[in-house]
Amino acid sequence: MKSLHATATQVVCDGLIILMNMDKIKLIIGLLMYASIGINAQSTYDLVYDVFQTSCNYSSCHTNAFKAAGLDLEGSGPNAKAEVWNNLYDADPTNSYALSKGYKRIYPGDPYKSTLFRKVNHGLDDFVQLHSNEGASMPATAPLDDKKKELIRQWIVYNSPDTGKVADVNLINQYYDGYGVDAIASRPSPPAEGEGFQIKSGPFFLYANGEIEHYYKYNVANQDSIEIKGIYADLGQVYSHHLIVYRYRWGDTLVTPGLRGLEDLDHYKITIVTTHQQTEEVEFPKGTAKRWAPNTVLDLNTHFINYSGNVLKCENYYNVYTQPMHTAPQLLETELEVNFDLYVLNDGLDHTIIDEVFDTSEIETRYIWAMGTHTHQWGRDYDVWLRNPDGTKGEKIVDASNMDGMPNSVNIGYDYQHPPNRIWEYPFLEVSTGNGFIHEAVYNNSGPVPVQWGPTSQDEMMIFGYLYVTDTTGLGNFEVGIVKPEEQSKEFNIYPNPFDKTAKLSFSNPDNEEYTLMIYDMFGRLVMKKENVNSESLIIKKEGLKTGIYLIKVGSINNTFTGQLVVN
């Protein structure tokens, strides 16, 4: 007989010591490894199909025998999964209301127009408000848990492939287990009924200290032409690097629906709608508007950097405000000027890059309303001049180190993440494309390697863009511009701002709640924190804060105020 010593070992389980035969341990380990391999081998659709079998068919609702609402989520035979996928993807719903709204059982790349997600959402996301004519939420007896709902949403937002992995279950689990942070704390208010619509990009999830950039193809599905008088873009306060909205002129049918990465080379034949590097409201000058033809398709380019130690939920909101057609006499256009010839040594010295932009082949007079600039982390300044006919610098029109981008205003230092937009009142800035512009950016690369043009935060960029009209007939002298929502709140104020020594922060606290003050630098690093603030005013001292722009957040359980703090 073999001794117990030779054939058993001690296993500690919840504080209990158990004697277990080594052969059994090997068997259990083997089974666990097999189960792990099985899970890892499953496609995202395999996991979604399993949810259908355990949660949608258990009461015979959507079996191949019963087919509630004509929907079979079980399938039959050796190709059962493929049969179910075909029952869902781009398939019309039987519900007449959903069909009238243009929904599909799975709308390619859009969970919010997909009746599958709309029915199982059940409070996960208030972006979905199930209409009474759509029927009840499902499953009827027991809602799915949030992880399963999110799995279905992630699968759809990445275009519901029937093979391969598009959703990271580990990220979903961590987020819903309480180890997550939201890029946007709450959904912004959408336009009023009949005055526009709201687009949501995402969500997708990002590991701590990670970075990701996506394109999101979005079908506006407008039956008629629409006229747009303004935009609101919500990027949150810290994590979203930019949001650029493009419109397809043609070729959109060749592009994969939903979220896709930068490796997708089908992104072409487009024009720019708006670009955003911060949360902002853009009210176009009175008398101007953008117009979109029927069945407009957009591409939303979103870029997130996760500075936190938790999983980041990444999403953007984009409000489109409309008005009756032909209200505006002039159409507003967008131009983006890019210098791809960019290379910066990593020697810790300032390098000035100069580029000319002009076109003598098709000379056009443009009246510029707004202009903005863009670099990545090594950018230290950005200036734009009008170009004289002889190629020399003319009037300086943008200094991105100054307040409001105005060359003669207060110098606040260059903030590459939130550069100012220069605004011109009517009659705007008249420019001939034959003369064009000269733009100049300064870089100081103290990183480990030289950098050149590229899409990630580790690369660099040199871009300026502007919005313009080609005729000012019918326009008047109206003061209008880009407005940061946080500057509109009368319940939150910082004065003076910019400040030299101290600034007074005032905010509304009628219920005497306890707030936490947090100040972040432009890299998303927390540089100041003060807890248990219950008064309605607080003195902020410059001590420990370097010259520059900071993001300030004052939050309680029920309220959050955010804004920018400028230190001279």
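The values are calculated or read from the model by the stated rules, or taken from the named source; none is laboratory data. Since the structure is predicted, the reported quantities are computational estimates derived from the model, not experimental observations. Glycine gets a Cβ as well: all are built from the backbone with ideal geometry, and neighbour counts include every protein chain shown.
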- prompt: How many of the residues making up the stretch 73-86 are without any contact (Cβ under 8 Å) to a residue 60 or more places away in the chain, touching a Gly at 6+ places or on another chain (Cβ under 8 Å) and surrounded by fewer than 19 Cβ atoms within 10 Å (Cβ to Cβ)?
  reply: 1
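Tell me, which helices (runs of 4 or more DSSP H) lie completely within the stretch 50-146 with 3 or more residues that are hydroxyl-bearing (Ser, Thr, Tyr), in the same structural domain as Gly202 (by TED's automatic domain parsing) and closer than 30 Å to Arg260 by Cβ?
On the way: elements: 80-88, 96-100, 115-121.
Of the helices (runs of 4 or more DSSP H) lying wholly inside the stretch 50-146, none has at least 3 residues that are hydroxyl-bearing (Ser, Thr, Tyr), in the same structural domain as Gly202 (by TED's automatic domain parsing) and closer than 30 Å to Arg260 by Cβ.
Surrounded by fewer than 16 Cβ atoms within 10 Å (Cβ to Cβ) and in contact (Cβ under 8 Å) with a residue 24 or more places away in the chain: is that true of Tyr207 in this structure?
Numbers: surrounded by fewer than 16 Cβ atoms within 10 Å (Cβ to Cβ): yes; in contact (Cβ under 8 Å) with a residue 24 or more places away in the chain: yes.
Yes.
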message: When you check Ile272 against the structure, is it of a type in the set (A, V, I, L, M, F, W, C), within 20 Å of Val338 (Cβ to Cβ), out of contact with any helix residue (DSSP H, G or I) (no Cβ under 6 Å at 6 or more places or on another chain) and part of a strand (DSSP E or B), yes or no?
response: yes
task: Pairs only if they're at least six apart or on different chains, beta carbon under 7 angstrom, first in the stretch 285-314 and outside any strand (DSSP E or B), second crowded, with 21+ Cβ neighbours inside 10 Å and modelled with pLDDT under 95; list them, first residue then second.
output: Pro285/Trp369; Gly287/Ala328; Asn306/Tyr239; Tyr307/Val238; Tyr307/Tyr239
task: Return the residue satisfying two criteria in turn: it lies in the stretch 383-411 and is among the aliphatic types (A, V, I, L, M) and crowded, with 19+ Cβ neighbours inside 10 Å, and of such residues it is modelled with the lowest pLDDT.
output: Ala400
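Considering only the stretch 334-352, I want to know if a residue exists there that is assigned to a loop (DSSP other than H, G, I, E, B), of a type in the set (A, V, I, L, M, F, W, C), modelled with pLDDT of 90 or more and out of contact with any Phe, Trp or Tyr (no Cβ under 6 Å at 6 or more places or on another chain).
As a first pass, look at the stretch 334-352 and keep what is assigned to a loop (DSSP other than H, G, I, E, B): 339-342, 345-349.
Subset that is of a type in the set (A, V, I, L, M, F, W, C): 340, 342, 345, 349.
Filter once more, so that each one left must be modelled with pLDDT of 90 or more: 340, 342, 345, 349.
So of that shortlist, the ones also out of contact with any Phe, Trp or Tyr (no Cβ under 6 Å at 6 or more places or on another chain) come out as 345, 349.
Yes, there is a match, as at least one residue in the stretch 334-352 is assigned to a loop (DSSP other than H, G, I, E, B), of a type in the set (A, V, I, L, M, F, W, C), modelled with pLDDT of 90 or more and out of contact with any Phe, Trp or Tyr (no Cβ under 6 Å at 6 or more places or on another chain).
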task: Residues being of a type in the set (D, E, K, R) and closer than 30 Å to Asn306 by Cβ: count how many of those fall in the stretch 500-540.
output: 7
query: Scanning the stretch 99-121 for residues that are surrounded by fewer than 19 Cβ atoms within 10 Å (Cβ to Cβ) and not polar (S, T, N, Q), which turns out nearest to Asp299 (Cα to Cα)?
result: Pro108
- request: Take the residues in the stretch 136-167 that are surrounded by fewer than 18 Cβ atoms within 10 Å (Cβ to Cβ) and hydroxyl-bearing (Ser, Thr, Tyr), then tell me which one is nearest to Gly123 (Cα to Cα).
  value: Ser137
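Sort through Gly372, Gly391 and tell me the only one that's over 22 Å from Asn421 (Cβ atoms) and either part of a strand (DSSP E or B) or small (Gly, Ala, Ser) (or both).
Values: Gly372 fails: over 22 Å from Asn421 (Cβ atoms).
Answer to the selection: Gly391.
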query: If you check Ala136, Ala142, Ala192, which single one turns out to be of a type outside the set (Phe, Trp, Tyr) and in contact (Cβ under 8 Å) with a residue 60 or more places away in the chain?
result: Ala142
- prompt: What number of residues within the stretch 303-330 satisfy the criterion of being under 30 Å from Arg291 (Cβ atoms) and loosely packed, with under 14 Cβ neighbours inside 10 Å?
  reply: 4
query: Does any residue of the stretch 34-44 turn out to be within 22 Å of Pro143 (Cβ to Cβ) and either at pLDDT below 95 or buried (at least 16 other Cβ atoms within 10 Å of the Cβ) (or both)?
result: yes
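How about the stretch 131-178: which of its residues are among the hydroxyl-bearing types (Ser, Thr, Tyr), within 22 Å of Thr115 (Cα to Cα) and touching a strand residue (DSSP E or B) at 6+ places or on another chain (Cβ under 8 Å)? Step through it out loud before you land on a result.
Here is the first cut: in the stretch 131-178, the ones among the hydroxyl-bearing types (Ser, Thr, Tyr) are 132, 137, 141, 158, 160, 163, 175-176.
Okay, now just the ones that are also within 22 Å of Thr115 (Cα to Cα), so 132, 137, 141, 158, 160, 163.
Of everything in the stretch 131-178, those that are among the hydroxyl-bearing types (Ser, Thr, Tyr), within 22 Å of Thr115 (Cα to Cα) and touching a strand residue (DSSP E or B) at 6+ places or on another chain (Cβ under 8 Å) turn out to be Tyr158, Ser160.
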- line: Of the residues in the stretch 408-458, those that are small (Gly, Ala, Ser), over 15 Å from Lys396 (Cα atoms) and free of Cβ contacts under 8 Å to residues at least 40 places away in the same chain come to Gly454
- prompt: Consider Ser96 against the criteria (1) crowded, with 17+ Cβ neighbours inside 10 Å; (2) over 26 Å from Cys314 (Cα atoms); (3) not hydrophobic (A, V, I, L, M, F, W, C): it satisfies all of them except one. Which criterion is unmet?
  reply: (1)
task: Identify the residue in the stretch 282-302 that is closer than 18 Å to Gly465 by Cα and within 15 Å of the chain's Cα centre (by Cα) and, among all such residues, is surrounded by the most Cβ atoms within 10 Å (Cβ to Cβ).
output: Thr302
task: Please indicate, with yes or no, whether at least one residue in the stretch 317-332 is at pLDDT below 95 and at positive phi.
output: yes
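Residue by residue, here is whether (1) over 22 Å from Gln198 (Cβ atoms); (2) at pLDDT 95 or above holds:
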{"position": "Lys113", "(1), (2)": "no, yes"}
{"position": "Val120", "(1), (2)": "no, yes"}
{"position": "Phe127", "(1), (2)": "no, yes"}
{"position": "Pro139", "(1), (2)": "yes, no"}
{"position": "Pro143", "(1), (2)": "yes, no"}
{"position": "Ile156", "(1), (2)": "no, yes"}
{"position": "Asp162", "(1), (2)": "yes, yes"}
{"position": "Ala167", "(1), (2)": "yes, yes"}
- request: List every residue pair whose Cβ atoms lie under 9 Å apart, where the two residues are 6 or more positions apart in sequence or sit on different chains, the first residue falls within the stretch 151-176 and is closer than 22 Å to Arg105 by Cβ, and the second residue, located anywhere, is aromatic (Phe, Trp, Tyr) and in a loop (DSSP other than H, G, I, E, B).
  value: Val166/Tyr158; Ala167/Tyr158
message: Checking Ser189 against (1) part of a loop (DSSP other than H, G, I, E, B); (2) outside the structural domain of Cys314 (by TED's automatic domain parsing): exactly one of these is not met. Which one?
response: (2)
Positions within the stretch 209-236 being over 17 Å from the mean Cα position of the chain (by Cα), hydrophobic (A, V, I, L, M, F, W, C) and assigned to a loop (DSSP other than H, G, I, E, B), in sequence order: Val220, Ala221
